[in-house]
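Accompanying notes for the structure given below.
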Amino acid sequence: MKTVIVIGGGLVGALHACFMAKRGYKVDIYEMRDDIRTMEVVRGRSINLALSVRGREALRRVGVEDQIVKFGIPMYSRMIHDRDGKRRPIPYGKKDEYIMSIDRRHLNEILLTEAEKFPNVSTHFEHKVVECNFSAGTVTFQKKDGSSVTVTADLIVGCDGAYSKVRQEMMKKTLLDYEQVFIPHGYMELNMPPTPQDKYAMEVNYLHIWARNEYMMIALPNYDRSYTVTLFMPFEIFKTLTTENAVLNFFKDNFADSIPLLGEKALIETVIKNKALPMVTVKCSPYHVKDRVVIMGDAAHAMVPFYGQGMNCGFEDCIVFADLLDKHEGDFAATLSEFTSYRSIDAKAMCDLAFYNYIEMRQSVNSRLFLLRKKVDNFLFWLFPNTWIPLYTTVSFSRKRYHECIKNKEWQDKVIQRAMYLSIPTFAVAGYYIYKYLERLDVPIYEKLVQLAENFRPDQKW
Ligand code: FAD
Ligand code: EGO
């Protein structure tokens, strides 16, 4: 039996272990942290996540979709919050096109438990990778008590997140292209508790969005009727929010409607006490070394969270990898090499799409423009449901390859641009003939129009 080491028992690592265990490999998961199922509080990353079609498809393949979806909250529309507190919903698509708010911890726990159900899977917590020797196929871990242990396997899979140690070790020995970009924005999570009547404080089944150029805020519903609110803004601004008054005034100016829902006191305390966390894009290539080592999930392609696709993309990696492994009948060399060539194009495309949203949402997106863009897209989608599919729809509600989603969007932009260029001569010609026609009829309306124009610019006779 071939052996596989999965490094990282996060979302992608635990899921990938299930895929590999199903195919009969002996799998060992090594995770730096303690077992989250036994922990009181888990610090770090976001509390809830938007799950869409790609992630769901992967969960279905290992048989945990129902367990997860049961506790998820569907979000059928976005709810756009204006500065003056007005709320406007815009649906995502048809009734079965929705994203789902999922608790990260619950998802991770289910996946670990599912992996452990296989007799050929073992989990090892509080094992931190400190060194890899890829030609020998060994990995050295440091345990909590300070002692270290070295293990070996036929395949080493790095699912150890955006700051991957496995990737770092790969860079020492191979010609790995690498790019890492931090953005000037940080994020901070706030809790919006249920009302005293134990109801959701805002309309449920929506992704709530407050778009204020440099400042963005979103809220995703939790199963316990609370919302997790995420505030995105430049670290520079976070730095200025150090006093009660500064926090309160900032929220009054920008997100007034959220203050009573978040609770003035709790809001102030959280913002002053907590640190904003960074967001990073990581692109690299190749994802593998020979027939021994491969990275997937955030380790291979971390992206900014402005598309809600990081986990979905990592989960799709697991599908792609398993399909290639089946195609190559367990040949690691062939599988790894095709995994890099096939998947890196799409993962890079998704990193770019997420970064593009970061730019676009800040530049033009005050609420009104956001609304207009989405409405025009929805209208064209309604007119041509088979040909005009909005970018958000292809990314979130289909498994179309990410790089093809971009191509589709580029085609749409070209059509719109051509329509604009065509419309200028069209209006000019039409305008000319209407003018001629009115002139010939000598209608009173025409007279009126001329008079009106003359009154408006009395100094300029024409
Ligand atoms: P991680 O979840 O980071 O897991 C890596 C694991 O490896 C961790 O458990 C870590 O402890 C372990 N590890 C690290 N180093 C070592 C080591 N040296 N030795 C052993 N173990 C190690 N994605 C979505 O799809 N939808 C969303 O709505 C969404 N929202 C997001 C919001 C925010 C604010 C952020 C920051 C991200 C969001 N994402 C979202 C992205 C998503 O969180 C990630 O893409 C996903 O967690 C990646 O999973 P992963 O398993 O690759 O990495
Ligand atoms: C014009 C207007 C062009 C994450 C708006 C593009 C992202 C972008 C962070 C939402 C939804 C899941 C998310 C939409 C756009 C999650 C998401 C979107 C945020 C922020 C997010 C949408 C967690 C961008 N999906 N999305 O269309 O509803 O549109 F607002 Cl800050």
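The values are calculated or read from the model by the stated rules, or taken from the named source; none is laboratory data. These figures come from a predicted structure and were not determined experimentally. Here the Cβ is made from the backbone with ideal geometry for all residues, glycine too, and neighbour counts use every protein chain on show.
Can you tell me which condition Asn120 does not meet? The list is (1) more than 22 Å from Val69 (Cβ to Cβ); (2) in contact with a Ser or Thr (Cβ under 8 Å, 6 or more places away or on another chain); (3) not aliphatic (A, V, I, L, M), and all the others hold.
Checking Asn120 against (1) more than 22 Å from Val69 (Cβ to Cβ); (2) in contact with a Ser or Thr (Cβ under 8 Å, 6 or more places away or on another chain); (3) not aliphatic (A, V, I, L, M), the one that fails is (2).
Anything in the range 76-87 that is crowded, with 16+ Cβ neighbours inside 10 Å and in a strand (DSSP E or B)? List them, or say none.
Ser77, Arg78, Met79, Ile80, His81 - these are the residues of the range 76-87 that are crowded, with 16+ Cβ neighbours inside 10 Å and in a strand (DSSP E or B).
Please state which of the following conditions Ile259 fails to meet, knowing it meets all the rest: (1) without any contact (Cβ under 8 Å) to a residue 40 or more places away in the chain; (2) assigned by TED's automatic domain parsing to the domain that holds Phe134.
(2)
Hey, among Ala136, Ala115, which residue is hydrophobic (A, V, I, L, M, F, W, C), at pLDDT below 95, touching a strand residue (DSSP E or B) at 6+ places or on another chain (Cβ under 8 Å) and closer than 30 Å to Val289 by Cα?
Matching residue, one of Ala136, Ala115: Ala136.
Please tell me if Phe238 is crowded, with 16+ Cβ neighbours inside 10 Å, within 15 Å of ligand 1 (Cβ to nearest atom) and not in a strand (DSSP E or B).
For Phe238, the condition - crowded, with 16+ Cβ neighbours inside 10 Å, within 15 Å of ligand 1 (Cβ to nearest atom) and not in a strand (DSSP E or B) - is met.
For the subset of the range 165-220 comprising residues that are of a type in the set (Ser, Thr, Tyr) and either within 15 Å of ligand 2 (Cβ to nearest atom) or without any contact (Cβ under 8 Å) to a residue 24 or more places away in the chain (or both), which member is surrounded by the fewest Cβ atoms within 10 Å (Cβ to Cβ)?
Looking at the filtered set, the residue picked out is Thr195.
Condition test on Ile36, is it closer than 30 Å to Ile259 by Cβ, crowded, with 16+ Cβ neighbours inside 10 Å and either modelled with pLDDT under 95 or within 16 Å of ligand 2 (Cβ to nearest atom) (or both)?
no
Can you work out which of the residues in the range 162-212 that are part of a helix (DSSP H, G or I) and not acidic (Asp, Glu) is nearest to ligand 1 (Cβ to nearest atom)?
Lys165
Just the residues that are touching a residue at least 24 places away in the same chain (Cβ under 8 Å) and under 23 Å from Ala201 (Cβ atoms), please, taken from the range 239-256.
Of everything in the range 239-256, those that are touching a residue at least 24 places away in the same chain (Cβ under 8 Å) and under 23 Å from Ala201 (Cβ atoms) turn out to be Leu241, Glu244, Val247, Asn254, Phe255, Ala256.
Restricting the search to the range 8-60, which residues are in a strand (DSSP E or B) and more than 23 Å from the chain's Cα centre (by Cα)?
First, pick out the residues of the range 8-60 that are in a strand (DSSP E or B): 26-30, 48-51.
Result: Lys26, Val27, Asp28, Ile29, Tyr30.
Among the residues of the range 301-314, what is the count of those that are near ligand 1 (Cβ under 8 Å from one of its atoms) and in a helix (DSSP H, G or I)?
Residues flagged as near ligand 1 (Cβ under 8 Å from one of its atoms) and in a helix (DSSP H, G or I) within the range 301-314 amount to 5.
Conditions tested, residue by residue: (1) of a type in the set (A, V, I, L, M, F, W, C); (2) closer than 25 Å to Leu49 by Cβ.
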| site | (1), (2) |
| --- | --- |
| Gly330 | no, no |
| Leu369 | yes, no |
| Leu391 | yes, yes |
| Leu422 | yes, no |
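What tally of residues in the range 59-92 results from selecting those that are closer than 19 Å to Ala115 by Cβ and either of a type in the set (Asp, Glu) or within 13 Å of ligand 2 (Cβ to nearest atom) (or both)?
Final tally of qualifying residues: 2.
Here's a check for you: in the range 372-425, which residue that is of a type in the set (D, E, K, R) and touching a residue at least 60 places away in the same chain (Cβ under 8 Å) is surrounded by the most Cβ atoms within 10 Å (Cβ to Cβ)?
Step by step, filter the range 372-425, then rank; the result is Lys374.
Please verify whether Gly10 is loosely packed, with under 15 Cβ neighbours inside 10 Å and in the same structural domain as Arg167 (by TED's automatic domain parsing), treating the condition exactly as stated.
When the stated conditions are applied, Gly10 does not pass them.
Residue check: is Lys348 among the charged types (D, E, K, R), within 16 Å of ligand 1 (Cβ to nearest atom) and assigned to a helix (DSSP H, G or I)?
yes
Taking the residues in the range 213-228 that are in a strand (DSSP E or B) and either closer than 14 Å to Leu49 by Cα or touching an Asp or Glu at 6+ places or on another chain (Cβ under 9 Å) (or both) as candidates, determine which candidate is nearest to ligand 1 (Cβ to nearest atom).
It comes out as Leu220.
Restricting the search to the range 39-63, which residues are among the small types (Gly, Ala, Ser) and at pLDDT 90 or above?
Ala50, Ser52, Gly55, Ala58, Gly63
Scan the range 88-106 residue by residue and report those that are among the charged types (D, E, K, R), in a strand (DSSP E or B) and within 16 Å of ligand 1 (Cβ to nearest atom).
Matches in the range 88-106: Asp103 only.
Determine whether the range 135-154 contains at least one residue that is among the aliphatic types (A, V, I, L, M), away from ligand 1 (no atom under 16 Å from the Cβ) and touching a Leu at 6+ places or on another chain (Cβ under 8 Å).
no
Could you look through the range 269-311, keep only residues that are away from ligand 2 (no atom under 16 Å from the Cβ) and among the polar types (S, T, N, Q), and pick out the one that is farthest from Glu236 (Cα to Cα)?
Among those residues, the one meeting the criterion is Ser285.
Just to be sure, is Ile99 buried (at least 19 other Cβ atoms within 10 Å of the Cβ) and either at pLDDT 95 or above or closer than 17 Å to Leu51 by Cα (or both)?
When the stated conditions are applied, Ile99 passes them.
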